Amino acid sequence: MKRRLNRWPSILYAGFIYAFLYIPIVILIAFSFNQSRLNAVWTGFTFDWYGALLQNTDVLDATKVSLTVAFISTIASTMIGTLAAVGMYRYHFRGKTALDGMLYLPIVIPEIVMGISLLAFFATVEIPLGITTLVIAHITFSVPFVVVVVRARLEGFDRSIEEAAMDLGANEWQTFVRVTLPIIAPGIVAGALLAFTLSIDDVIISFFVAGPSSTTLPLKIFSMVKFGVTPEINALSTIMLIVTLTIVIIAERIRMKKENVS
């Protein structure tokens, strides 16, 4: 009886945390089916906003820009971050400590400072604001996060596996591709997902480096806040949530199958 009573505070606390995190998401999904244009009063059930979303070219164009920038910057930042993490972990050279500190600089400085500095840089080198500047900016602030995640994976890496592969005749490139890369792959995937999330969710830095014809979805939603966000955005958010959950479920099932096989 005492054990059950002692468990109630923990259950209530956990329930409060989950409610705090997920009730706003549930409300967002519910109001994507609301007949009213105002996200305040429920007036009835409808799918009209999903149809209206397909006709809203401004929102769809902003979504296309966000996804394009996110995919390109994620691929580039993952490649650069992975190579940087492996190099920083494997090699020792003069100035490594200073370079290591500089890699973490974009993580700790305020986003508004980084946005202004990138804008000043693009103005100095005379690069017109647009997709190109967005991609460069997103790669810049995503690389350090990839480095941090991949280096965390490398901390438990057994170097003797690489030495055994090279003793068996593999060169450095074959060892990296066939031995090192598969072992650190979970860290690379985690870093890529984090970079993609940061890119598609960024507002402040994108505000400074986006041109008039390259508005991202967060910037579009931010501009709509002044006049009221329509349920079309709720519909788009619901679709993105469903796609994300589907990918997570598929990835989890693949992981469980691999564990069962092994």
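Among Asp48, Asp167, what is the fewest-to-most ranking by other Cβ atoms within 10 Å?
Working: Asp48 13, Asp167 9.
With the fewest neighbours first, Asp48, Asp167 line up as Asp167, Asp48.
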- Task: Could you pull out the longest piece of the chain with no exposed loop chymotrypsin sites (Phe, Trp or Tyr not before Pro) in it, calling a site exposed if DSSP puts it outside H, G, I, E, B and it has at most 14 other Cβ atoms within 10 Å?
- Result: 105-226
- Query: According to a simple spin-label model (label point 7 Å from Cα along Cα-to-Cβ), what is the distance in nm between Val41 and Val229?
  - Reply: 2.2 nm
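Loop only by DSSP, 11 or fewer other Cβ within 10 Å of the Cβ. Give me the trypsin sites (Lys or Arg not before Pro) in segment 94-200 that pass, ordered by residue number.
Numbers: sites: Arg94, Lys96, Arg151, Arg153, Arg159, Arg178; in loops: Arg94.
Qualifying residues, ordered by number: Arg94.
What dipole magnitude, in Debye to the nearest 20, does the chain give about its Cα centre under +1 on Lys/Arg Cβ and -1 on Asp/Glu Cβ?
Values: 19 positive and 17 negative charges, 202 e Å.
It comes to approximately 980 debye.
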- Query: Okay, which of segment 162-206 sit inside 19 Å, backbone N to the point 7 Å along the Cα-Cβ direction of Val113?
  - Reply: 203-206
- Note on the structure: Sorting Thr197, Thr230, Pro218 by the position of each Cα along the dipole of segment 57-261 (Lys, Arg +1; Asp, Glu -1; all at Cβ), the one nearest the positive end of that ordering is Thr197
- Item | Angle between the chain longest axis and helix 57-90 axis [Cα atoms, degrees, rounded to 10] | 20 degrees
- Exposed-site-free run, longest, the chain (rule: GluC sites (Glu not before Pro); DSSP loop; at most 12 other C-beta within 10 Å): 1-125
- Item | Dipole magnitude of segment 133-209, debye to nearest 20 (Cβ charges: Lys/Arg +1, Asp/Glu -1, about Cα centre) | 140 debye
- Message: Counting other beta carbons within 10 Å of each residue's own, what order do His138, His92 fall into, fewest first?
- Response: His92, His138
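Read-outs throughout are calculated quantities, based only on the coordinates presented, and are distinct from any laboratory measurement. The structure displayed is predicted, hence computed values, not measured ones. Please note: Cβ atoms are built from the backbone with ideal geometry, for glycine as well, and neighbour counts cover all protein chains shown.
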